[in-house]
Amino acid sequence: MLLQTTTIKRGASSLKKSKLAAIGTSALLVTAFLAGCSSNNNVNTASPSGTASGSASTSSTSASDKPTSGEQVKLTFWRNSGNDAENSAYDQLVKAFNANNPDIKVEMSPIPYSDYDAKLRTSIAANNPPDIMAIDAPNMASYAQSGALQSLTNYFKVDGNLDDIPAGTIGAYTYKDNIYMAPLTESSIALFYNKKMFEAAGIPLPSKNPDEPMTWDQVREAAIKLTDAKKGIYGIDPAQGFGNAGAAAYFKYPIIWQFGGEIMDKDGMTSKGYLDMPETKKAVQFFADLYNKDKVSSLEYPPDPFPTGKLAMTVDGSWSLSFLAEKFPNFKLGEDWDVAPLPKETKQAVANGSWSLAISSQSKNADAAWKFVNYVTGAEGSKLYSSVTKDIPVRYSVAKQFPELNEYPKNVFVIQNQKYGRSRPITPIFPQMSDAVNKMLEDVTIGKRNVDTAIADAIKKIDKAYADMPK
């Protein structure tokens, strides 16, 4: 019987579950947005009338933002409410900016994550959006396509210090040659492995060098040696199981890229010629074989299989470093387990893109809004934010200021993002596309469906979604 959806049971903590959900769930909530807004092919651009330095201590504003009456410019800022550290960091950033810019007042509204996208879409449809908004990277194209976002390209050229941001990162926030969002932080994923299990099996330990990953064939060979089905021990969880489509994109698409495959064309219009290319098919078959042929991966695991010795390798996120240290103090990094770069086949690749800041195309105070955005995502604001949240800053200059980010194991995540990061497909139909690809992977892996047939069906769904998109 073909299973339509399967969620792997792994007993993850609520913290890890919420992080994985945040990676993907928001994309699913945007599907109705395009249907409710007519497409606007006119790029909303602004010509900065002043230069915002990106510093909280700079208090000048452009003439277009300063009311003739001398009244204070008020900006509304919506964001999804995060954890305690994230909320504290934003509180400090808004307070610092407001204190040092008396002619601008940012009024921040943290909104529960589960309600955020629906409320934001509703405000845009009602022509009453906030001036500044947080949006998850995969959703950017749908908002930009609908005309909801202000292009930030000119602002970045004036004082956004683009050279301080990896090109692959800024590419995740670029649609039709225009930058629409300013990034603040990144997360990343890597290969976590049980060091003692490797040593007991006589398997050479993976390199800690971010530029020297294991190949997927080497991972497979190691996983076969490490799997002991009678004891319920499996060699590898290659992509955090099967959950929502957005999370699947974050974990599974890199495998396709690492084999030299692709998901969609660069314009985000079709998967024909990309999802069906030989390299993509090879990656999908390899992934499915880990479960069905090699039997080194399982569709169901006991709670916390990696730190409890039931899983030899797992692809997991940078956020899990603190989780493992806190919840499993006797499972020690460097002694019991270690971190290695994501495996490769023909190339290295990791997904990038996170929650970032955008400016509404309807804002009457775009210059002032950019001043705040540039402060928060610039060097000064980014350093404050990452010092509180411990997240990985996007900017090269800021990452260099945190010693732990330049040392093992966190340097693995940082360097991977900087050198090998690439965006998930930038397309206004991201939810529909990711659903179709996730369904294809489930059909091939869980339902054991033919790769060619499953991919052909996925392409039809994706192409139909683009054709049906409001023009």
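The values are calculated or read from the model by the stated rules, or taken from the named source; none is laboratory data. A quick note: this is a predicted structure, and the numbers were derived from the prediction, not measured. Positions of Cβ are generated from backbone atoms using ideal geometry, with glycine treated the same way; all protein chains shown enter the neighbour counts. Just the protein is used for accessible areas: all its heavy atoms, side chains included, with ligands, DNA and RNA removed. Shrake-Rupley method; radii C 1.70, N 1.55, O 1.52, S 1.80 Å.
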*Any idea how many residues of segment 149-183 are of a type in the set (A, V, I, L, M, F, W, C), open to solvent by 10 Å² or more (accessible area, probe 1.4 Å) and either assigned to a strand (DSSP E or B) or touching a strand residue (DSSP E or B) at 6+ places or on another chain (Cβ under 8 Å) (or both)?*
2
*Residue list for segment 185-222, filter: closer than 19 Å to LYS295 by Cβ, out of contact with any Lys or Arg (no Cβ under 8 Å at 6 or more places or on another chain) and assigned to a helix (DSSP H, G or I)*: MET197, ASP217, GLN218, VAL219, ARG220, GLU221, ALA222
_Would you confirm whether or not segment 114-131 contains a residue that is at pLDDT below 95, open to solvent by 50 Å² or more (accessible area, probe 1.4 Å) and within 19 Å of the chain's Cα centre (by Cα)?_
yes
*Of all residues in segment 379-429 being more than 28 Å from GLN92 (Cα to Cα) and among the aromatic types (Phe, Trp, Tyr), which is surrounded by the most Cβ atoms within 10 Å (Cβ to Cβ)?*
TYR420
*Could we say that GLU335 is touching a residue at least 60 places away in the same chain (Cβ under 8 Å), over 30 Å from LYS74 (Cα atoms) and among the acidic types (Asp, Glu) here?*
yes
*Given the conditions (1) open to solvent by less than 30 Å² (accessible area, probe 1.4 Å); (2) assigned to a loop (DSSP other than H, G, I, E, B); (3) free of Cβ contacts under 8 Å to residues at least 40 places away in the same chain; (4) closer than 20 Å to TYR420 by Cβ, and given that GLU262 satisfies all but one, which numbered condition is not satisfied?*
(1)
*Within the group ALA454, ALA436, which residue is modelled with pLDDT of 95 or more, closer than 22 Å to ASP237 by Cβ and part of a helix (DSSP H, G or I)?*
ALA454
*Go over the candidates ALA245, ALA312 one by one and state the one that is open to solvent by less than 10 Å² (accessible area, probe 1.4 Å) and touching a strand residue (DSSP E or B) at 6+ places or on another chain (Cβ under 8 Å).*
ALA312
*So which of ALA239, ALA249 ends up being under 20 Å from PHE430 (Cβ atoms), within 16 Å of the chain's Cα centre (by Cα) and part of a loop (DSSP other than H, G, I, E, B)?*
ALA239
*Being open to solvent by less than 70 Å² (accessible area, probe 1.4 Å), in a loop (DSSP other than H, G, I, E, B) and modelled with pLDDT of 95 or more is the filter here, so list the residues in segment 82-106 that pass it.*
ASN101, ASP103
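Conditions tested, residue by residue: (1) closer than 30 Å to LYS332 by Cα; (2) in contact with a helix residue (DSSP H, G or I) (Cβ under 7 Å, 6 or more places away or on another chain).
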| site | (1), (2) |
| --- | --- |
| SER146 | no, yes |
| SER151 | no, no |
| ASN209 | yes, no |
| TRP216 | yes, yes |
*asked:* Return the pair list, or none, for Cβ contacts closer than 6 Å from residues in segment 299-317 that are without any contact (Cβ under 8 Å) to a residue 40 or more places away in the chain and under 11 Å from TRP337 (Cβ atoms) to residues that are part of a loop (DSSP other than H, G, I, E, B) and not hydroxyl-bearing (Ser, Thr, Tyr), at least 6 apart or on different chains.
replied: PRO307/PHE328; PRO307/PHE331
*Take VAL350 and decide whether it is modelled with pLDDT of 95 or more and crowded, with 23+ Cβ neighbours inside 10 Å.*
yes
_Flag for THR270 being farther than 23 Å from ASP336 by Cβ, of a type in the set (Val, Ile, Thr) and either open to solvent by 50 Å² or more (accessible area, probe 1.4 Å) or part of a loop (DSSP other than H, G, I, E, B) (or both)_ = yes
*When you go through ASN128, ASN87 one by one, which is the residue that is under 24 Å from GLU380 (Cβ atoms) and not charged (D, E, K, R)?*
ASN87
